[in-house]
Amino acid sequence: MHSKTQSALFEDEFTPDFPGRRAFACPHPLRYVPACVPEASSQVYLQQMMHSLNWQQPSIHIGGRRVPIPRLQCWQGDQAHEYRYSGECFRAEPWHPDVLAIKRCIETISGIQFNSVLCNLYRDGQDSVSWHADDEPELGNSPWIASVSLGAERDFHIKLKPRYRDTFPEEGLLKLTLAHNSLLLMPPQLQKYCVHQLPKTKRCASPRINLTFRTIVSTP
């Protein structure tokens, strides 16, 4: 598998190809926006949300045992939607004013409406999220995901799901660096064909907040 450099990815209006896009004739590009909210506001949002959101560290089932996730999180939305993954059920809290303000900026940029958000606090480089796809049934068949980063710069990886790698072996690992106050807009086909992760790193000692806006279309 090969990787692509950040500079090569962003030559086309910050719309790089992602693994599998050409193979599956994806009509929507992966889009990176380096400044998604006013810069002065972004620092205020970061500091206020770190101290005012209802951060929790739930445990999930992995390999038959309960394990605390390596990050803090908070789920918010228009309604008390339920969201399930790894055998656990999470109920959305009301919108925090700062999160709602960021949501409106993202909707203006993307032209897409979102009704919920999963907020993650990565306290340092030892907090992470492993390979996964945001393809839960509650999100429907074609979920747009808008991922906003505030705080420390972190690496982000995307690759094809295992069942597609033999068919398209030339498609490689996509490595992105997500900067403070950036938006990564992930099109529906990404969740269907690819998985992504935020790996651990020894280079980062500062916190990062990640807001992944999405739309709940059904509650099982």
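The values are calculated or read from the model by the stated rules, or taken from the named source; none is laboratory data. Just so it is clear, the model here is predicted, and its values are computed rather than measured. All Cβ positions, glycine included, derive from the backbone under ideal geometry; neighbour counts span all protein chains shown. Note: accessible area is taken over every heavy atom of the protein model, side chains too, but ligands, DNA and RNA are not part of it. Shrake-Rupley method; radii C 1.70, N 1.55, O 1.52, S 1.80 Å.
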Can you give me the solvent accessible area of C105 with a 1.4 Å probe, rounded to the nearest 10 Å²? 40 Å²
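Sorting H28, H61, H196 by accessible area (1.4 Å probe), largest first, what list results?
Highest to lowest solvent-accessible surface, that is H61, H28, H196.
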Of K159/K192; K175/K202; K103/K200; K159/K200, which ones are farther than 19 Å apart at the Cα? K103/K200
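Ordering D134, D155 from largest to smallest accessible area (1.4 angstrom probe), what's the sequence?
Sorted by accessible area, descending: D155, D134.
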Please work out whether the stretch 90-220 counts as rounded, prolate or oblate from its C-alpha gyration tensor, where a ≥ b ≥ c are the square roots of the eigenvalues and a/c under 1.5 means rounded, while otherwise a/b larger than b/c means prolate and anything else oblate? oblate
To the nearest 10 square angstrom, what accessible area does K159 show with a 1.4 Å probe? 40 Å²
Just to confirm the filter: which GluC sites (Glu not before Pro) across the stretch 140-191 are DSSP coil and have at most 13 other Cβ within 10 angstrom of their Cβ? E170
What is the dipole size for the stretch 104-220, taken about its Cα centre, with +1 at each Lys and Arg Cβ and -1 at each Asp and Glu Cβ, in debye to the nearest 20? 300 debye
Take W55, W75 and sort them by solvent-accessible surface of the protein heavy atoms, 1.4 Å probe, largest at the top. W55, W75
Counting heavy atoms of the protein chains only and a 1.4 Å probe, report the per residue accessible area for the stretch 69-220 as a whole number of Å². 40 Å²
